[in-house]
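A short worksheet on the structure shown next.
Each reported figure results from applying straightforward, stated rules to the coordinates on display, with no laboratory input. Every value quoted in this text rests on a predicted model; they were computed, and no experiment measured them. Cβ: placed from backbone, ideal geometry, glycine included. Neighbour counts: every protein chain shown.
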Amino acid sequence: MATSKQKKNSEDSSNQKKISLLVEINHAISRTLDLKESLQATLAILENGYHIKSGAIFLINEDNHSLSMAASIGYRTDVAKTEYRYGEGLTGRVAETGKPIIIPQVSKEPLFLNRMSSWEPDKDREQTFIGIPIALDYRTLGVLIVNLIYRSNRDYEADKKFMLLVASALLQPIRVKHVIEQERQKLMDQNVLLKQKLHEEFSFHNIIGNSHEMRDVYEQVAQVARTNTTVLLRGESGTGKELIAEAIHYNSTRSEAPFIRVNCAAIPENLIESEFFGYEKGAFTGAVARKKGRFELSNNGTIFLDEVGDLSPMTQIKLLRVLQEQQFERVGGTETITVDIRVIAATNSDLESLMDAAKFREDLYYRLNVFSIFLPPLRERKTDILLLADHFMLKYGRQHGKPVKRISTPAIDMLMRYHWPGNVRELENCIERAVLVCDDQVIHSYHLPPTLQTAESSNTLNRMSLTSTVAAYEKELIQDALKTTRGNQAKAARLLDITERIIGYKIKNYGIDVKRFKE
């Protein structure tokens, strides 16, 4: 019979062995971020060090309350069941209750023999089943099951405690996997949301303007967007060529691929080739690593060449080859790179005059001018001015936290009379400035920039007396009140806290046309 000292030494040796196994398991888990590899390594350590006959680790899918086998050892694939439902079999029962289950002699448990065991016990070698929940904060994430050789004098409580420690160690890689999956799903959801926002933001249906000229532009964009045709956008600076280019790309079959913008006029002549085509390491001083050019970055997508009329003759030749063959070499390289890109070009220059002056190549012109869209200047689509002004007023009101709700009639008149040499861009800047300086809910004429405050645009003199200034302001207030009351003079008088006789006199004196407010 073993003495108490021998028993103690045996227990100490067993505990030391278990600690060594736990350390080994933790080292195996920390060596990799691959969950399956971590789980499989843990079972291998238990097989070699703890002499388990077989084992498996199941992970829980919370969406449908099922358990799937993530790693196993010692099971025959033709016998082992790899998926369970909550409450199904011993494995499912461990997951459902969140409590360990120990079956000392599996031959007395038909459920085990029918559904799980790959080892058929005989009279001399019985098997013991241990099922341990892998749980965190009362939430079961998985189940660890092991099958041991049955011994009548086995300390099952010590086995259970050790396997609980193993299950605790397995929490780390399982939690990491959960975090990675959550972050991955979050990124995927954000990606879908961003793509949806891009499609909505750059849909040509959201471009402001309902004039006849803009309806023609919309029709042309709809015709060409789903094709791979090269598009040439023409029009004055500030007419929205880049916005149309974005609408074409994000409504095309290439919308998932990159949209690369290149301002040809902003790139110095000595850098334009490396910017277009990239360069190899050591191609020139400072080229410490290979760099991809804009054409290579836009592969399978769209490249937008803005201000293409400002390209030098030498660059035009190199660009022509890319457009014709969709091939190029990086600066300092010999490898021919083939790309699949769609080209959208834009210019505010008169390309025909540049060709006559031998400043723009005819062959490049004909290569670019496959489908031409002309964007009309703002002065030729006056009906869109008020729509655009209202849009920018709301946009910058939200952006700057200003409760601006409308534009006064005299201010609208000034906007409509101005010739807008800077087109939509200039209008946007004017409205943003007006929103910033506006101290109430209405943009008045005096909130508009000085460039609009001219005799031609506002029917005022450069030098005004106090009487004239007061009269102009009074006229604006009356017009604003009439607009609010749709030309009802009695209501307008009450709004201004004056009598109907006085407002009638002032309307006549200022020559205000009341009919225009009744429409």
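Side notes on the structure shown:
- Full-extension gain in nm, GLU183 to ASN48, via 0.36 nm per residue minus C-alpha separation: 45.0 nm
- Computed from backbone phi, the HN-Hα couplings of region 228-239 come to 9, 5, 5, 10, 10, 9, 10, x, 5, 4, x, 8 Hz, rounded to whole numbers (Karplus: 6.51 cos²θ - 1.76 cosθ + 1.60, θ = phi - 60°; Gly and Pro given as x).
- Per residue Cα convex hull volume in Å³ - calculated over the chain: 310
- Counting every alpha-carbon pair across region 204-376, the share separated by more than 24 Å comes to 37%.
- In terms of packing, defined here as the mean over residues of other Cβ atoms within 10 angstrom, the peptides 418-426, 482-490 line up highest first as 418-426, 482-490.
- Bridgeable aspartates and glutamates around LYS402 (alpha carbons under 19 Å apart, same-chain partners fewer than 8 residues away excluded): ASP390, GLU428, GLU432, ASP439, ASP440.
- Those trypsin sites (Lys or Arg not before Pro) in region 207-293 that DSSP places in a loop and that have at most 13 other beta carbons within 10 Å: ARG226, LYS281
- Mean projected area of the convex hull spanned by the Cα atoms of region 21-181, taken over all viewing directions: 9.1 nm².
- 0 to 90° range, to nearest 10: angle between helix 423-437 axis and the chain longest Cα axis: 80
- Ellipticity at 222 nm from helices only: DSSP H runs of n ≥ 4 in the chain, each -39500 (n - 2.57), divided by the residue count, give -15000 deg cm²/dmol.
- According to the calculation over all Cα-Cα pairs in region 245-297, the P(r) per 5 Å bin from zero is 5, 18, 21, 19, 16, 11, 7, 4, 0 %.
- For region 278-371: rounded, prolate or oblate by the Cα gyration tensor [a/c cutoff 1.5]: prolate
- In degrees, nearest ten, helix 241-250 long axis to first principal axis of the chain (Cα): 30
- Non-local lysine pairs in region 21-181, meaning eight or more places apart or on different chains, with alpha-carbon distances under 16 Å, amount to 5.
- Computed from phi, the 3J(HN,Hα) profile of region 291-298 under the Karplus parametrisation 6.51, -1.76, 1.60 (θ = phi - 60°) reads 10, 7, x, 4, 5, 5, 5, 8 Hz, with x in place of Gly and Pro.
- The string of couplings for region 215-222 from the Karplus curve (6.51, -1.76, 1.60, θ = phi - 60°) is 5, 5, 5, 4, 5, 5, 4, 4 Hz, one whole number per residue in order, with x for Gly and Pro.
- C-alpha long axis of helix 500-510 to longest principal axis of the chain, angle in °: 70
- Relative contact order (percent, whole number), region 21-181, Cα cutoff 8 Å, 6+ residue spacing: 23
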